[in-house]
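One structure is given here, and the rest of the page talks about it.
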Amino acid sequence: MASRGTLLMETPSSGACSREEAFALDLIPEPTKTYQPFSNEELLLMINQVATMHGMELSNERLGMDHKGMRFFGIYNVEGFDFFGGQIRLTIGFCNSYNRSMSGRMCIGGDVLVCSNSCLYAYTDKETGVKGMAMAEHRPGIHDGLFQKIEASFDGIEDFLHKQEMFYSHLANCPLTQKEAYHIIIKAAQANVVNKTRILRVAEEWGWQERGPENDIEAEERNWHPAFKPRTAYSLLNAFTEVHKDQMKINPVHTNINTMALSQFFDARYNQQ
């Protein structure tokens, strides 16, 4: 369940871009008394500056643009801040606009979703005080205001990662019977974190994880993870996420949001106070 963030450029005029394209000066509009443009380059410099202040190295930069360069989107991975044995990875998402359609924004968490339809979503944890999201409208003072909000979003990350490590470790040490697992699958469908038409697929994936491939052909055609063989809440969570992967090509935005909602569903059910 490696979490590396998702950048989706799905609107008709959107697509991946380079830094040179994103930083083009001729895209930046003129300021007015009430409107202060904030450049894409300034946004990235600000995020990198705050990350450096917190001892974080950013990698795997992915950028995209839409509306002829009027809207900007992107994602970073954060190196050295993985948790639960590297299976979950801290990620950062961000977006900006030159046509006043979006404020300058950044989110940080155990997973992020950034989409050209203006969706910007981070899975964080309210109980640890992680705000996750920083945003500021393009008005005079945006530079100082957004910097402070981005810095505040980074401040609680250590506590967030510690709690997530404890959460996933707890799931891995929480045994489940077949009856209990099926009960949770039904509850998840009732909570709309998994499509009701896919609950049998989740149940089948749960059984497959324990059984594993019976021959070489089956092993090649289908991924099997020995770490999910134990009958635990962690294995059940991964049965859900494996099924969500099947939905990704059909509806990636909805699938990513469902995956994050699923983590919150398990957190609410198994959270250790």
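Structural remarks
- A cut-off under 10 angstrom between Cβ atoms defines the neighbours of E79, and their net charge, with Lys, Arg +1 and Asp, Glu -1, is -1.
- Given (i) 15.7; (ii) 17.5; (iii) 14.5, the label whose value is mean projected area of the Cα convex hull in nm² derived from this model: (i)
- Cysteines in the chain lacking a second Cys C-beta under 4.7 Å: C17, C95, C107, C174
- The chain, relative contact order in percent, only Cα pairs under 8 angstrom and at least six apart counted: 16 percent
- Annotation for N215 and N60: the two label points, set 7 Å from Cα along the Cα-Cβ direction, are 3.6 nm apart.
- Whole-number percent relative contact order across region 6-166, with pairs defined as alpha carbons under 8 Å at least 6 apart: 22 percent
- Assuming charge only on the beta carbon of Lys and Arg (+1) and of Asp and Glu (-1), the dipole of the chain about its Cα centre is about 920 debye to the nearest 20.
- Ranked by how many other beta carbons lie within 10 Å on average, peptides 49-61, 202-214 from highest: 202-214, 49-61
- Shape of region 1-78, Cα gyration tensor, a/c cut at 1.5: oblate
- Distance from region 27-46 to region 184-217 (C-alpha centre basis), Å: 47 Å
- Cross-link pairs exceeding 32 Å in C-alpha to C-alpha distance, out of K149/K229; K163/K196; K68/K163; K68/K196; K149/K187, comprise K149/K229; K68/K163; K68/K196; K149/K187.
- Three-way shape label, region 174-270, alpha-carbon gyration tensor, a/c 1.5: oblate
- In straight-distance terms, cross-link reach from K33 covers every one of the aspartates and glutamates whose alpha-carbon lies under 17 Å from its own, apart from those fewer than eight places away in the same chain; here that gives E137.
- Helix-only [θ]222 nm of the chain, DSSP H runs n ≥ 4, -39500 (n - 2.57) each, per residue, nearest 500: -13000 deg cm²/dmol
- Helix 178-190 and the longest principal axis of the Cα set of the chain meet at an angle near 40°.
- Farthest positive-ward along region 146-199 dipole, Cα basis, beta-carbon charges - from Q164, F147, Y182: Y182
- Of all the options D159, D216, D144, the one that moves most in a Gaussian network model of the chain with Cα springs shorter than 10 angstrom is D216.
- Dipole of region 174-270 [Lys/Arg +1, Asp/Glu -1 at C-beta], most positive-end residue of T259, H225, G212: T259
Taken together, the values in this text are just the output of simple stated rules run on the coordinates, not laboratory data. Remember, predicted model here, so these are calculated numbers, not experimental data. Ideal geometry is used to build each Cβ from the backbone, glycine not excepted, and the neighbour counts take in all protein chains shown.
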